[in-house]
Each structure stands twice: as C-alpha cells, then as structure tokens.
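Reviewing the structure listed below.
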Amino acid sequence: MEPKFNHFDEAGNAVMVDVSNKSPTHRVAVARGTIKVSRAVLDAITGNTAAKGDVLGVARVAGIMGTKRTSELIPLCHPLMLSNVTIEWTVLEDDCAVQCECTAKLDGKTGVEMEALTGVSVALLTVYDMCKAIDKTMEIDAIHLVHKEGGKSGVFDNPNT
C-alpha cells in the first residue's frame, strides 16, 4: 500500500495539514550534514582566522535562526513554538570536512523534522558564505534525518546513519 499524501485535498489542491484534533506530544528531531572544505578553509575554521570571524559560532546562530523560520521557507509547514534547538559541530580532520548536527525539540501537534533539516542547511550555508573568499570549491553533502520521536509514528532511527 502506498503512503497517503496528506498535503493534498480530494481535488488534488495543496493544503496545510489540519492538526487541530491532534494531541500535543513531546517531539524531537535530529538532522546531520557535512561540508567538505579545503585544508586552507579547515585551518581558518579551526584556527579562528577567517576574515569574517568565528565561522562555527556565527553558523550556529544562523542555524538556530533558520529553524525558527522554517514555516516561512517551506510551503505548508506549520509555524512551531520550538522549546529547544542545538547546533553541534564535529571537525572531521581526516576527511577535511565539518559535520553539523541540529536537534530541535517541542511539545506540539506536528513534528520538527523540517526544522532540524533547515537548521543544518542554513548552518552549513553560513559556513560556505563565511569561507568562500578562501575557497569556493566547498561541497555541502549528506543532509539527512538521523532520528525523530513523538507523534503517532513514534521513534525513527535512520538505518543509513
């Protein structure tokens, strides 16, 4: 059986999902992605010598801000009252890359997967923006949902992570 798409009405019109009859539950989503960089960019990030300042610090704030604006960017997403968002960085020296992980939480009627994915995307785009003067060949890669919990579908752990 194919999954039912609930963003369309009987006539095929795009609609916002009606969550008014759902009960709030605790919801968490974790998303992850990486940016592959040159050695010069990685050195500037880790040595805090990029001309635009603290790359990962600024990108962390940008990612958090991005989660809060998801409903303005993705059509039909509900505006959510997030209770917590974190952006964590892991420098992958051997891969000459930086990994970003965004965790978004709330107690609500709809999930926070899109917020976590948007947070990672915006944070990694900010790294690119802050470092493009050093090298424009950076590659943003592998943005994906790692984990989610809450709602009727319960817990999901991505088997490909």
Q | Scope region 28-68; condition part of a loop (DSSP other than H, G, I, E, B) and β-branched (Val, Ile, Thr); matching residues | A | Val37, Thr49
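How many residues are of a type in the set (A, V, I, L, M, F, W, C), under 26 Å from Ala51 (Cα atoms) and touching a strand residue (DSSP E or B) at 6+ places or on another chain (Cβ under 7 Å) when one looks only at region 96-124? Talk me through it step by step, then tell me what you get.
Residues of region 96-124 of a type in the set (A, V, I, L, M, F, W, C): 96-98, 100, 102, 104, 106, 112, 114, 116-117, 120, 122-124.
Of the ones still in play, those that are also under 26 Å from Ala51 (Cα atoms) are 96-98, 100, 102, 120, 122-124.
Narrowing the set further to residues that are touching a strand residue (DSSP E or B) at 6+ places or on another chain (Cβ under 7 Å) leaves 96-98, 100, 102, 120, 123-124.
Residues that pass the stated criteria total 8.
Restricting attention to region 101-116, which residues are part of a strand (DSSP E or B), of a type outside the set (Lys, Arg) and under 12 Å from Thr86 (Cβ atoms)?
Step one: list which residues in region 101-116 are part of a strand (DSSP E or B), which gives 101-108.
If we keep only those that are of a type outside the set (Lys, Arg) as well, we get 101-104, 106-108.
Once the filter is applied, which keeps residues that are part of a strand (DSSP E or B), of a type outside the set (Lys, Arg) and under 12 Å from Thr86 (Cβ atoms), region 101-116 yields Glu101, Cys102, Thr103, Ala104.
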Q: Return the residue satisfying two criteria in turn: it lies in region 115-155 and is touching a residue at least 12 places away in the same chain (Cβ under 8 Å) and among the small types (Gly, Ala, Ser), and of such residues it is surrounded by the fewest Cβ atoms within 10 Å (Cβ to Cβ).
A: Ala133
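Go through region 125-148 residue by residue and tally those that are among the hydrophobic types (A, V, I, L, M, F, W, C) and not in a strand (DSSP E or B).
Going through region 125-148, the residues among the hydrophobic types (A, V, I, L, M, F, W, C) turn out to be 125, 127, 130-131, 133-134, 138, 140, 142-143, 145-146.
Okay, now just the ones that are also not in a strand (DSSP E or B), so 125, 127, 130-131, 133-134, 138.
Count: 7.
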Q. Hey, among the residues in region 63-87 that are without any contact (Cβ under 8 Å) to a residue 60 or more places away in the chain and more than 14 Å from Thr118 (Cα to Cα), which one's most open to solvent (accessible area, probe 1.4 Å)?
A. Met81
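The values are calculated or read from the model by the stated rules, or taken from the named source; none is laboratory data. Note that the structure is predicted; figures quoted are calculated from it, not measured. For neighbour counting, all protein chains shown are included, and Cβ atoms are generated from backbone atoms with ideal geometry for every residue, glycine included. For accessibility, only protein heavy atoms count, side chains too; no ligands or nucleic acids. Shrake-Rupley method; radii C 1.70, N 1.55, O 1.52, S 1.80 Å.
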